[in-house]
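Novice: If you scroll down you'll find the structure; I have some questions about it.
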Amino acid sequence: MLLHSGFADHSHNRFDILVAQPRITLTTHGATTEVISDDVTIRSQQDPFELLQQQMVAQGWQPAFNPDLPFQGGALGLFGYDLGRRVESLPQLAEADLALPDMAVGIYDWALIADHRLQTLTLLSYGDVEQRWRWLNSQTAPAARPFTLLSDWRANMSRQQYGEKFQRIQHYLRSGDCYQINLAQRFSADYQGDEWQAFCQLSVSNRAPFSAFLRLPHNSVLSVSPERFLWLEQQRIQTRPIKGTLPRLADAEQDAAQARRLADSPKDRAENLMIVDLLRNDIGRVAQPGSVRVPELFVVEPFPAVHHLVSTITATLPDTASATELLRACFPGGSITGAPKVRAMEIIEELEPQRRNAYCGSIGYLSACGTMDTNITIRTLVTENGRIHCSAGGGIVADSQEQAEYQETFDKLPQAAQISLNVRPAAVLIPIVCRAEPTLLLTRRADSLRKHAGQVAFPGGKTDAEDGSAIVTALREAQEEVAIPPQAVTILGQMAPLDSSTGFQVTPIVGLVSPDVQFRANEGEVADVFEMPLREALTLSRYYPLDIHRAGHTHRIYLSWYHSQFIWGLTAAIIRRLAQQVSI
């Protein structure tokens, strides 16, 4: 097992911790925990957190606190989200389709610790340290096949199903069941090769400060988490919940404006505050009375793919309480459930098709010296039987917008997974021309394009490797097809991707275009260009549903028209979706 700081440009990037060959393992499946020590196996129905504490105490290790050695022997491993079923009483509705343990923790009497601040590598051991050093030096990397995906990523719910679940959550929110509910979807693909190679790729592209790699008997867990769950040092508690996310932009000025937009967002601040209050209450169950504080509220932290809104909560743990008691009191983390926590977990169990397993649980260590540090297992992938799974979600509140929440699940995927997920990415520009009566610019495809001949479409096309973002693709294509200079476009934002019938995943980019631009059709791709009054385009009643039955499946498309132009398929779906988000 490896806890890795991800080479992150972050204040919490000091240590990496490597362990192997545990003295004791504790593996929990449902109500049973299997404890293996010296080839003796015991199965127990006792609370897993209590069992872990008993095994820690039984080692008799009591090292003094050392700020340069955070882990001095103790417990390290995975506490999956579904371990929360041993803390709270939850219904059994979601499919348990993976065999990953609810808890997979080892008790380790040695560790190799890299300190990036002091530039040191320390080997500590309660056994023969020289023997352990020789063992480490004798290790050779086995021959490993490169990691390769054998299929596209597929979500465990369709876009329509996500929308239905979103509306169900809105019903619960309006009824007063909850203030916030986290809804996630899971993406899965077939793969072959070495999971460690995949983790190395993820680590380079994500640079997450709370990363981890765990190789278990039947699974691997690859985490590039940006979020700390609980940190305990000399009885001082800290938690740093993330609530509020916007994607990074390629342009530095636009990216800075994006960060300010997140910092000033009333919705994201309210969402963040709800979770801060929840965690204050969770920590308050075991903390010294009156010690809970919030020294940082609504701080924007940049990561390679997204900006996050982060707050910090601190408290003091009494000398009579243990790290396992603190972990149990707060488990699972409120930032990835909702508020109130138990009701939110019940609704998650109802709406998400499969159990979360590792996702939204925690990976970390509990040191014999009393120090504990754990992450929230977001941006985390799990492998089993040749399949790899990755989940992403977001907190939904009463004023959440369905399209924005759906898009956020894609923004939050680890960067390397996003590249694989969008196997054939594309983007279109939705040009709103700023006339006295605003218009929507549309094109009619050239007859030479065969399959798309005569279709009404927005300017756009497939993403090139050098584009870097959907915005760059949309602006480049708009300039090539209808001569819109990129500097004449003010980007308003991007909508959730849509799947086209030709196998592309298309991201619509909404932009304002100066009325002074002289639109010119590229004859090789565009037959003509026309403008449709925006007010008329965004009239929902003009889009008529049509169900197409093919190969045993039903696909719904929408139809409309403007003068002699017939609008249907992806273009109609984009305009209709825009109409659901914009009021004129």
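The values are calculated or read from the model by the stated rules, or taken from the named source; none is laboratory data. Nothing here was measured: the structure is a model prediction, and the numbers come from that model. Cβ coordinates were reconstructed from backbone atoms using ideal geometry, including for glycine residues, and neighbour counts include every protein chain displayed. In case anyone asks, the SASA skips ligands and DNA or RNA and just uses the protein heavy atoms, side chains included. Shrake-Rupley method; radii C 1.70, N 1.55, O 1.52, S 1.80 Å.
Novice: For the range 293-325, which positions are within 27 Å of Gly74 (Cα to Cα) and assigned to a loop (DSSP other than H, G, I, E, B)?
Specialist: Within the range 293-325, Leu317, Pro318, Asp319, Thr320, Ala321, Ser322 meet the criteria.
Novice: What helices (runs of 4 or more DSSP H), lying completely within the range 121-229, carry at least 3 residues that are under 29 Å from Lys341 (Cβ atoms) and of a type in the set (A, V, I, L, M, F, W, C)?
Specialist: 159-175
Novice: Taking only pairs six or more apart or across chains, which ones have beta-carbon atoms under 7 Å, a first residue in the range 527-542 that is assigned by the TED database to the domain that holds Ile567, and a second residue that is surrounded by fewer than 17 Cβ atoms within 10 Å (Cβ to Cβ) and in a helix (DSSP H, G or I)?
Specialist: Taking only residues 6 or more apart or on different chains, the pairs are Ala527/Asp447.
Novice: Could you tell me whether the range 206-217 includes any residue that is touching a helix residue (DSSP H, G or I) at 6+ places or on another chain (Cβ under 6 Å) and open to solvent by 30 Å² or more (accessible area, probe 1.4 Å)?
Specialist: No; the residues of the range 206-217 include none that is touching a helix residue (DSSP H, G or I) at 6+ places or on another chain (Cβ under 6 Å) and open to solvent by 30 Å² or more (accessible area, probe 1.4 Å).
Novice: Now for a separate question. Return yes or no: is Gly394 open to solvent by 20 Å² or more (accessible area, probe 1.4 Å) and either at pLDDT below 90 or farther than 18 Å from Asp152 by Cβ (or both)?
Specialist: no
Novice: Out of curiosity, is Asp47 surrounded by fewer than 20 Cβ atoms within 10 Å (Cβ to Cβ) and acidic (Asp, Glu)?
Specialist: Against the criterion (surrounded by fewer than 20 Cβ atoms within 10 Å (Cβ to Cβ) and acidic (Asp, Glu)), Asp47 qualifies.
Novice: How many of the residues in the range 98-127 are modelled with pLDDT under 95 and of a type in the set (Asp, Glu)?
Specialist: Matching residues across the range 98-127 total 1.
Novice: Need the failing condition index for Ala64 against (1) surrounded by 15 or more Cβ atoms within 10 Å (Cβ to Cβ); (2) touching a residue at least 40 places away in the same chain (Cβ under 8 Å), just the number.
Specialist: (1)
Novice: What number of residues within the range 511-531 satisfy the criterion of being surrounded by fewer than 20 Cβ atoms within 10 Å (Cβ to Cβ) and within 38 Å of the chain's Cα centre (by Cα)?
Specialist: Here the count works out to 3.
Novice: Enumerate the strands (runs of 3 or more DSSP E) found wholly within the range 29-101, keeping only those where 1 or more residues are farther than 26 Å from His389 by Cα and within 31 Å of the chain's Cα centre (by Cα).
Specialist: Of the strands (runs of 3 or more DSSP E) lying wholly inside the range 29-101, those with at least 1 residues that are farther than 26 Å from His389 by Cα and within 31 Å of the chain's Cα centre (by Cα) span 74-79.
Novice: Can you tell me which residues in the range 5-28 are at pLDDT 95 or above, surrounded by 14 or more Cβ atoms within 10 Å (Cβ to Cβ) and either part of a loop (DSSP other than H, G, I, E, B) or out of contact with any Leu (no Cβ under 9 Å at 6 or more places or on another chain) (or both)?
Specialist: Val19, Ala20, Pro22, Arg23, Ile24, Thr25
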